[in-house]
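The next block holds one structure in the form of structure tokens; read it before the comments.
The values are calculated or read from the model by the stated rules, or taken from the named source; none is laboratory data. Because the structure is a prediction, the values reported are computed rather than measured. Positions of Cβ are generated from backbone atoms using ideal geometry, with glycine treated the same way; all protein chains shown enter the neighbour counts. The protein model used for the area step is the full one, side chains on, heavy atoms only, and it has no ligands, DNA or RNA in it. Shrake-Rupley method; radii C 1.70, N 1.55, O 1.52, S 1.80 Å.
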Amino acid sequence: MRFLALAAALTLPVAALAASGNSWNPPKPTETTKTCKGKRVWDETKKRCVRPRKSSLNQDQLLGAARELAYAGRQQDAQAVLSAMADQQDSLVLTYWGFTHRKLGNLEQAQAYYDQALARDPDNILARSYMGQGLVQQGKYGAALIQWKEIRARGGDGTWAEAALRSALETGASYSY
């Protein structure tokens, strides 16, 4: 019955979860995941793998490296990159802290990071999507549905964040990116 109610609420098709050109596409592997081992990132300036704190990467590049490592299933390596970032209160940094903790099975800690991300930026639809997917994982479909509705209300209709959470609600499965 729960799935029938969700299916009725989720009326849009799940045609393309990450549209071409959408920045929420899975990250393309770079030297960070192809060459670097452990808690290291590729530093293009130095032409080698280095510890994130010793790299010449800026905040956006570090976030990209953390996202790439997280997508590759290297959550602890991604966390090492996140810890090197200067602005630990940035909403997207908090979002990826939540994502990596969720993937490591630390659901309460993940929720705390998602809550912090949304306190900083209530319109962070990525945090809402990842949090909602975690709620689905825990069987909390009603709470996840609330997040899906919030994503749509905040202009996220048709985005990867909306479609991914909708798919998780319909199938019970979440995404790795």
Is it the case that GLY73 is touching a residue at least 60 places away in the same chain (Cβ under 8 Å), out of contact with any Asp or Glu (no Cβ under 6 Å at 6 or more places or on another chain) and more than 22 Å from ARG166 (Cβ to Cβ)?
yes
Of the residues in the stretch 35-84, those that are within 22 Å of the chain's Cα centre (by Cα), of a type in the set (S, T, N, Q) and farther than 16 Å from TYR96 by Cα come to ASN58
Filter result for the condition that a residue is farther than 26 Å from ALA80 by Cβ and without any contact (Cβ under 8 Å) to a residue 24 or more places away in the chain, over ALA168, ALA143:
ALA143
Among helices (runs of 4 or more DSSP H) entirely within the stretch 1-95, at least 1 residues that are modelled with pLDDT of 95 or more and at negative phi occur in 31-34, 59-71, 75-83
Kindly provide the set of residues from the stretch 77-98 that are open to solvent by 10 Å² or more (accessible area, probe 1.4 Å) and closer than 12 Å to ARG40 by Cβ, ordered by number.
ASP77, ALA80, ALA84
